[in-house]
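Enquirer: Take this structure first; my questions come after.
The values are calculated or read from the model by the stated rules, or taken from the named source; none is laboratory data. Owing to the predicted nature of the structure, the values given are computational and were not obtained by experimental measurement. All Cβ positions, glycine included, derive from the backbone under ideal geometry; neighbour counts span all protein chains shown.
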């Protein structure tokens, strides 16, 4: 009898020992999770479905669905940096624990929100519906692009923020920027009301914010010396507030019936260069502004991310956008400023081009 009791005791201890083995990740409550993700180097990962993510998510979180088991591991390996902490959550904490264990098994450093998105919202924490895409530069800098709307993009480089053409009411839905991180740089492509909005700029300004504009936009802002004016062909190297090299490139209409909208030489597109430590390559983001498929696109090379407009009669048709994309050859393409244009036709026309076309809510 004693032997049987000891055997049963050993079995129970064995089971407990197995369950007590380290899982390879840390499970934390809402307060600790919030503290951890306040570090800009921490990657926020939502492992729910795309529909759940679209309904609301923690600001700055990217989405890789753990239920897509065939692709989860490969996408995680391709997307996530091994030298950064990955902060994982799902709806209630069940799926995130599965994801955390799998990520830890691949060598990632992982923390997991124990009671999930439900616990986060239940604690009154803020959420957003802004879609986020994350990229990793050769020097290990994390770059995040946030879709706001229309021609408005929010870009995070490390812990610094760049806003492109922020507007409040000129493009729907109405956007309140007062609750967003203050801007380090604001890029204004031209002076049209759906690209230049003094209210949005005011909401984003802090003492060190650097607005960068074309000449006409600077004049509309009062020419008070706060803006840095760039014209087509200008280059600007910044060490602060963000370490980047900036190029102003042409953006204009070519059609005779459309040149009154965006005449040649007036407006800017921008290329943001994030320098790399040798022997890596610079990470390059092309923001086209309001343009057509102009000849100067042949000079724009080695682009990692491109934002190209598609909205007749003001910018490009889907066919022009496809031609422009095949000329620039970005790794990732975000069609933007596209109004009611059906972007799926662009996806189909670029199928097989090796360009990753990502459709976000840039109406």
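Enquirer: Considering region 110-120 alone, what residues qualify as being without any contact (Cβ under 8 Å) to a residue 40 or more places away in the chain and surrounded by fewer than 20 Cβ atoms within 10 Å (Cβ to Cβ)?
Expert: Within region 110-120, the subset without any contact (Cβ under 8 Å) to a residue 40 or more places away in the chain is 116, 118.
Answer for region 110-120, where residues must be without any contact (Cβ under 8 Å) to a residue 40 or more places away in the chain and surrounded by fewer than 20 Cβ atoms within 10 Å (Cβ to Cβ): just 118.
Enquirer: Looking only at region 150-187, count how many residues are under 15 Å from residue 309 (Cβ atoms) and modelled with pLDDT of 95 or more.
Expert: Here the count works out to 8.
Enquirer: Could you say which residue among 319, 296, 292 is under 24 Å from residue 213 (Cβ atoms), in contact with a helix residue (DSSP H, G or I) (Cβ under 8 Å, 6 or more places away or on another chain) and assigned by TED's automatic domain parsing to the domain that holds residue 233?
Expert: Values: 319 fails: under 24 Å from residue 213 (Cβ atoms); 296 fails: in contact with a helix residue (DSSP H, G or I) (Cβ under 8 Å, 6 or more places away or on another chain).
Being under 24 Å from residue 213 (Cβ atoms), in contact with a helix residue (DSSP H, G or I) (Cβ under 8 Å, 6 or more places away or on another chain) and assigned by TED's automatic domain parsing to the domain that holds residue 233 holds for just one of 319, 296, 292, which is 292.
Enquirer: I've got another one for you. Working carefully through the options 187, 204, find the one that is touching a helix residue (DSSP H, G or I) at 6+ places or on another chain (Cβ under 6 Å) and closer than 25 Å to residue 243 by Cβ.
Expert: Numbers: 187 fails: touching a helix residue (DSSP H, G or I) at 6+ places or on another chain (Cβ under 6 Å).
Being touching a helix residue (DSSP H, G or I) at 6+ places or on another chain (Cβ under 6 Å) and closer than 25 Å to residue 243 by Cβ holds for just one of 187, 204, which is 204.
Enquirer: Can you tell me which residue is farthest from residue 54 (Cα to Cα) among those in region 83-131 that are assigned to a loop (DSSP other than H, G, I, E, B) and in contact with a helix residue (DSSP H, G or I) (Cβ under 6 Å, 6 or more places away or on another chain)? Break it down stepwise before answering.
Expert: Within region 83-131, the first condition is being assigned to a loop (DSSP other than H, G, I, E, B), and the residues that meet it are 83-84, 90-93, 106-108, 114-115, 123-127, 129-131.
Imposing the further condition that a residue be in contact with a helix residue (DSSP H, G or I) (Cβ under 6 Å, 6 or more places away or on another chain) reduces the set to 90-93, 123.
Details: 90: 13, 91: 13, 92: 17, 93: 18, 123: 20 Å.
Going through the qualifying residues, I end up with 123.
Enquirer: Continuing with the same structure: Within region 349-363, count every residue that is touching a helix residue (DSSP H, G or I) at 6+ places or on another chain (Cβ under 8 Å), exposed (fewer than 15 other Cβ atoms within 10 Å of the Cβ) and closer than 17 Å to residue 145 by Cβ.
Expert: 0
Enquirer: Please verify whether residue 138 is farther than 23 Å from residue 74 by Cβ and either assigned to a loop (DSSP other than H, G, I, E, B) or at pLDDT 95 or above (or both), treating the condition exactly as stated.
Expert: Details: farther than 23 Å from residue 74 by Cβ: no; either assigned to a loop (DSSP other than H, G, I, E, B) or at pLDDT 95 or above (or both): yes.
Considered against the rule, which asks whether it is farther than 23 Å from residue 74 by Cβ and either assigned to a loop (DSSP other than H, G, I, E, B) or at pLDDT 95 or above (or both), residue 138 comes out as no.
Enquirer: Give the residues of region 326-340 that are surrounded by fewer than 21 Cβ atoms within 10 Å (Cβ to Cβ), assigned to a loop (DSSP other than H, G, I, E, B) and at pLDDT 95 or above, sorted by residue number.
Expert: 329, 331
Enquirer: So, one more: Search region 299-311 for residues being on the phi < 0 side of the Ramachandran plot and out of contact with any helix residue (DSSP H, G or I) (no Cβ under 9 Å at 6 or more places or on another chain), and hand back the single one that is surrounded by the most Cβ atoms within 10 Å (Cβ to Cβ). Spell out the reasoning first.
Expert: Let us first name the residues in region 299-311 that are on the phi < 0 side of the Ramachandran plot, namely 299-301, 303-311.
Subsequent filtering for residues that are out of contact with any helix residue (DSSP H, G or I) (no Cβ under 9 Å at 6 or more places or on another chain) retains 299, 304-305, 307, 311.
On the way: 299: 10, 304: 18, 305: 23, 307: 25, 311: 21.
Result: 307.
Enquirer: Take residues that are surrounded by 19 or more Cβ atoms within 10 Å (Cβ to Cβ) and tell me which of the strands (runs of 3 or more DSSP E) falling wholly in region 199-264 contain 2 or more.
Expert: Output list reads 210-213, 244-251.
Enquirer: Further question: Exactly one condition in (1) in contact with a helix residue (DSSP H, G or I) (Cβ under 9 Å, 6 or more places away or on another chain); (2) in contact (Cβ under 8 Å) with a residue 60 or more places away in the chain is false for residue 346; which is it?
Expert: In the conditions (1) in contact with a helix residue (DSSP H, G or I) (Cβ under 9 Å, 6 or more places away or on another chain); (2) in contact (Cβ under 8 Å) with a residue 60 or more places away in the chain, residue 346 misses (2) alone.
Enquirer: Which of the residues that make up region 1-37 are closer than 27 Å to residue 109 by Cβ and modelled with pLDDT under 95?
Expert: Filtering region 1-37 down to residues closer than 27 Å to residue 109 by Cβ leaves 16-37.
Within region 1-37, 16, 17, 18, 19, 20, 21, 22, 23, 24 qualify.
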